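See below for the structure under consideration.
Only the coordinates and a few stated rules stand behind these numbers; no lab work does. All of these numbers come straight from a predicted model, not from anything done at the bench. All Cβ positions, even for glycine, are placed from backbone atoms using ideal geometry, and neighbour counts span all protein chains on display.
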């Protein structure tokens with residue numbers, strides 16, 4: 001990293017923290033950092049201090065901060081047409097949809113655009129319920145059962161928290177939507193036992209981000225697909241965090257089980273490099289043998305919509321980001337840099353780390369909580385161990401993201417280079433050594 005900026009910055013009359021405390025809801029557990037500027041993989045706070053950003057807005061800043069192709073797309077489209085209603089035909093949606101269908105998915109289907117990952121998953125849930133009405137049980141009643149998995153995260157709408165198999169997001173918001181069954185992740189026998197005549201969809205993250213960077217096994221993904229085909233249920237993949245290059249492939253599940261073909265996929269986060277946008281792809285196949293209606297046409301006029309989703313500005317930015325990922329070969333870079341991070345951290349055999357895992361640049365480092373506790377660095381009354389370590393890294397100039405109680409994620413931009421990866425690893429190792437002493441020498 002270069003030396004911190006030393007230019008004098010005029011302190012605001014009221015601190016950012018005071019403004020937020022007084023005028024915004026207390027629904028975020030915020031860290032003390034108040035960023036004001038970003039460039040590439042670096043972020044700068046109000047005092048001018050520089051940070052190496054390996055959090056990337058939680059896998060959002062796929063090209064880093066303020067990449068020229070994003071700035072150019074914003075400026076050019078901002079001078080042309082920013083917003084118009086979905087009552088009209090927005091060409092950018094067609095162009096972005098074509099890229100997602102032909103380049104990303106390489107499977108016939110159609111796309112819907114919205115504003116966020118939660119909205120994208122909401123669209124998949126509505127698709128499943130509508131599909132269940134069109135393909136009912138033998139007695140004519142609609143199918144409504146949707147299977148999801150422990151440690152999942154599918155957003156904070158009522159549909160999202162109903163689908164999410166983590167009690168902490170549900171508490172205090174009951175009663176929730178019915179029809180969801182939560183099962184252990186990667187447990188094929190439990191899945192086989194749970195699927196029944198009411199099951200209309202299986203929804204899962206191929207790589208659970210918020211749940212701790214847990215990877216589905218190839219056998220599990222294949223079992224999900226097999227059961228969906230057997231029972232004419234929809235296989236829905238939540239790729240909000242793992243999709244569009246993050247795992248080293250356009251399709252986040254491809255490094256695990258490339259032959260699997262889902263019926264629906266949700267995207268957001270890195271799709272537009274920081275501009276708010278979500279999207280879903282829905283497969284083109286018949287809803288049932290002998291039926292002429294395709295799944296991608298189930299949500300017809302009036303069944304679903306959004307005011308801002310897919311506006312000309314968002315589509316222009318997203319297409320610019322995805323074309324840069326393609327032209328610069330950033331999927332391959334993500335795969336290579338991710339392996340470097342995981343292999344290096346595991347090679348340390350550090351006493352404060354249990355294991356590093358991940359795929360591409362969706363990497364998780366699981367902490368040895370018992371070792372942290374024995375060093376006096378953590379106890380239950382200090383909050384999550386992942387937050388304690390995240391704060392220590394931030395103090396040292398490295399931004400990482402907590403995932404559950406004992407995992408920290410590294411989610412740098414897809415174009416991160418070897419030098420910045422090595423710098424981040426040096427900082428990470430130095431902080432761990434200072435916290436828990438040098439690991440054993442081999």
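For this structure, a couple of remarks:
- Taking label positions 7 Å along the Cα-Cβ direction at both residue 150 and residue 340, the computed distance is 3.7 nm, reported to one decimal.
- Per-q log10 I(q)/I(0), segment 70-327, q = 0.09, 0.12, 0.17 Å⁻¹ (Debye; single scatterer per alpha-carbon; no solvent): -0.38, -0.68, -1.35
- Debye-sum result for segment 111-249 in log10 I(q)/I(0), which assumes one identical scatterer on each alpha carbon, at q = 0.09, 0.10, 0.19 Å⁻¹: -0.25, -0.31, -1.17
- A convex hull fitted to the Cα coordinates of the chain yields 169 cubic angstrom per residue.
- When both segment 195-212 and segment 27-70 are represented by their alpha-carbon centers, they are found 32 Å apart.
- Helix-only arithmetic for the chain: the sum of -39500 (n - 2.57) across DSSP H runs with n ≥ 4, divided by the residue total, places the mean residue ellipticity at 222 nm at -10000 deg cm²/dmol.
- Spin-label model distance (nm) - residue 391 vs residue 374, 7 Å beyond Cα toward Cβ: 2.4
- When the convex hull of its Cα atoms is viewed from all sides, segment 51-197 shows a mean projected area of 13.8 nm².
- Taking label points 7 Å from Cα along the Cα-to-Cβ direction, residue 327 and residue 430 give a separation of 3.7 nm.
- Full extension of the chain segment joining residue 226 with residue 174 gains 15.4 nm, where the gain is 0.36 nm per residue of separation less the Cα-Cα distance.
- A straight line joining the Cα centroids of segment 162-181 and segment 103-120 runs 25 Å.
- Translational diffusion coefficient (Stokes-Einstein; Kirkwood radius from C-alpha pairs) of segment 229-336 at 4 °C, 1.567 mPa s, in µm²/s: 84
- Build a GNM of the chain with springs between Cα atoms under 10 Å apart, and of 92, 274, 209 the one that fluctuates most is 92.
- GNM result for the chain, Cα springs below 10 Å: residue of 217, 24, 141 fluctuating most strongly: 24
- For segment 209-248, the ratio of Cα radius of gyration to the globular rule of thumb 2.2 N^0.38 Å stands at 1.34.
- When the Cα atoms of segment 7-107 are aligned to their principal axes, the ranges along those axes come out at 49, 30, 29 Å in descending order.
- The length gained by stretching the chain between residue 219 and residue 95 to full extension, at 0.36 nm per residue less their Cα-Cα distance, is 41.1 nm.
- Kirkwood radius and radius of gyration were both taken over the C-alpha atoms of segment 47-97, and their ratio Rg/Rh is 1.12.
- C-alpha long axis of helix 312-327 to longest principal axis of the chain, angle in °: 70
- GNM result for the chain, Cα springs below 10 Å: residue of 29, 383, 211 fluctuating most strongly: 29
- Approximate shape of segment 255-409 as ellipsoid semi-axes (Cα gyration tensor, √5λ), whole Å, largest first: 40, 19, 18
- Relative counts (whole %) of C-alpha pair distances in segment 377-433, using bins that are 10 Å wide: 23, 51, 21, 4
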